[in-house]
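Worksheet: the structure to be examined is printed underneath.
What follows is calculated from the coordinates using simple rules that are stated; it is not laboratory data. Treat the numbers as computed from the prediction; the structure is a model and nothing was measured. Cβ sites come from the backbone with ideal geometry, for glycine too, and all protein chains shown count toward neighbours.
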Amino acid sequence: MTVGFEAASAAKPAGVQVGQAECRLWGMTSGERLARIFRRLGLDVAPAGAGAVVVDAGWVFDESLIAALAGRPGVVLVDAAGRGVAAHLPAGTPRVEDAVEGDLAIRYPALTRLTALELGSAYNSALRKREPPVLERLTPQTVRAVEARLFQGSYKGVTDLVTKYVWPTPARIVTRWCALAKITPNQVTFASFLLVLAAFALFWTGHFGWGLVAAWGMTFLDTVDGKLARVTLTSSKIGNVFDHGIDLVHPPFWWWAWLVGVQAGPHPLAHSGLILAILAGGYVAQRVEEGIFLALFKVEMHAWRRFDSFFRLITARRNPNLILLTGASLLGRPDIGLWLVAAWTAICFLVHLAQILQALAAPRGRVTSWLAR
C-alpha cells in the first residue's frame, strides 16, 4: 500500500536539534526546552520521509516561530545578520540526517529566507499584546537578559494595573525560583486556591486586614502560575481549566464574605441585599458583556481600541476592587469600601454596554484590535 502525495505532504515533520548552548534557561538546557516545544507541537515523532524541522539549539526561539516554521516547508529562519538558525527541510531533501550545526542558510541555499517577523507575527491575540517573537542567541552572558525577555513575552499586554505595573519584577524572581526548584504551575495554582479559601473565611469573620493579605497573595500567585507555565512550556489543559475556573468564580464570593463581615461589625450597611445584588449581578453581567462582544466581533472587548485597553486597567475586576477595599480598610471603614466597589461595578457595566453599542454602530470590518494594526 502506498501513501498518496496529499497524505505525505500533510504529515508533520520531525523535530531535529543541532548544536547545544553552554548554559541553562529557566532550569533547562536549550535542548530540553526545544524537546518540550517539539512534543507540544507533535514534532517529536514523524513517519519516514516526512521532512524535518532542523533547529540550532544554541538559540532561543519563541514557540510560535517553531510552530510557524513547521507549517512552511522550504523555509529557513534567519537572524538579523542573515544567519540561518532553523529550517524546514521538505521531504526528499538530500542528507537530512547529516544536518549539523552551522549556517543553515548557507547549507541549504535553495530554501526561502525569512526573518522572525516575516515568519511569525508581532501580534499575540491570546496575550493581547504586540511584541516581536523571541529569537536570541543563548550564552552565559545573555542568559539573564533572555530569561527576562521570555518572561516579558509571557505577560499579557492588556490587563489590570496591579498585574501590569506592580507584579512583573517580583513575579519574575519568584517564577525563576519555582522553575529552579521544579515547582509546577499546578502546584502554584493549588496554593492560590488555598489562599482563596483563606481570604473568604477571614472576610466572613471580619478579619479584613489578614483577609486582604491572603487575597493579595492569591493575586500574586495567580500571576506567577501562568508565567511559570509559559516560560517552562509546561502548560496543560487541566491546569488552564483549574486556573481560569478559580479566577472566574471566586470574586463575587469574596464580596459576599466581605459584606457578611461588615454586617457583623460596627458599621453595618443599609440595603445590604441591593448591594450584594449589584456586586454579584454586576460581576456576572460584565462577564456576559465581554462574551457578547467576543461572539459578535471575534475580538476581545479590551483589545479593540486604545481606550478599551486603558479601561481594562481599572475596570471593576478583582484587583482594582481590592485596591478600593484595601484603602477603605486602612481607614477603618470597610463598609465604605464595599459601597465604592458596588458603585464602580455599576459604572463599569454601563461603560461596557456603551462599548458594545459603539461597536454595533461601527462600519462593518472596523472592529479589529488596535494592537494588530
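Assorted remarks:
- Comparing Cα centroids, the stretch 62-81 and the stretch 324-354 end up 48 angstrom apart.
- Partner lysines whose Cα lies under 30 Å from the Cα of Lys164, excluding those fewer than 8 positions away in the same chain, are identified as Lys129, Lys156, Lys182, Lys227, Lys237, Lys298.
- By the beta-carbon count within 10 Å of each Cβ, the least crowded to most crowded order of Met28, Met301, fewest first, is Met28, Met301.
- Length gained when the stretch Glu32-Ile173 is fully extended (0.36 nm per residue, less Cα-Cα span): 48.6 nm
- Rounded D (µm²/s) - the stretch 219-309, Kirkwood Rh over Cα pairs, Stokes-Einstein at 10 °C, 1.306 mPa s: 99
- Legend: translational diffusion of the stretch 44-196 by Stokes-Einstein, Rh = Kirkwood radius over C-alpha pairs, 10 °C, 1.306 mPa s; D = 90 µm²/s.
- By average C-beta atoms within 10 angstrom, highest first, the peptides 12-18, 222-228, 355-361: 222-228, 12-18, 355-361
- Residue among Leu294, Asn240, His267 farthest towards the positive dipole end of the stretch 225-302, charges placed on Cβ: Asn240
- Cα-based helix-to-principal-axis angle, 318-330 vs the chain, degrees rounded to 10: 40
- 0 to 90° range, to nearest 10: angle between helix 185-204 axis and the chain longest Cα axis: 0
- Spin-label pair Ala277/Leu194, simplified geometry with 7 Å Cα→Cβ offset, distance in nm: 4.0
- Here the translational diffusion coefficient of the stretch 194-248 follows from Stokes-Einstein with Rh set to the Kirkwood radius across Cα pairs; for 25 °C and 0.890 mPa s it amounts to 204 µm²/s.
- Charged-residue dipole, Cβ positions (Lys, Arg, Asp, Glu), the chain about Cα centre, Debye nearest 20: 520
- Our summary gives the chain a relative contact order of 13 percent, counting only alpha carbon pairs under 8 angstrom and 6 or more residues apart.
- Stretching the chain fully between Arg287 and Lys237 yields a gain of 15.8 nm (0.36 nm per residue, less the alpha carbon separation).
- Result for the chain in a Gaussian network model with C-alpha springs under 10 Å: among Pro363, Pro168, Pro334, the largest mean-square fluctuation is at Pro363.
- Cα pair count fraction exceeding 14 Å, expressed as % - the stretch 142-198: 65
- For the stretch 155-372, dividing the convex hull volume of the Cα atoms by the residue count gives 122 Å³ per residue.
- Pairwise FRET efficiency - Thr142 versus Val351, Cβ, R0 = 30 Å, nearest 0.05: 0.10
- Of the peptides 234-243, 102-111, the ranking by mean beta-carbon count within 10 Å, highest at the top, reads 102-111, 234-243.
- Correct choice for mean projected area of the Cα convex hull in nm² that was computed from the model, options (1) 17.5; (2) 22.2; (3) 23.8: (2)
- Estimated from helical segments only, the mean residue ellipticity of the chain at 222 nm is -18000 deg cm²/dmol, where each DSSP H run of four or more residues counts as -39500 (n - 2.57).
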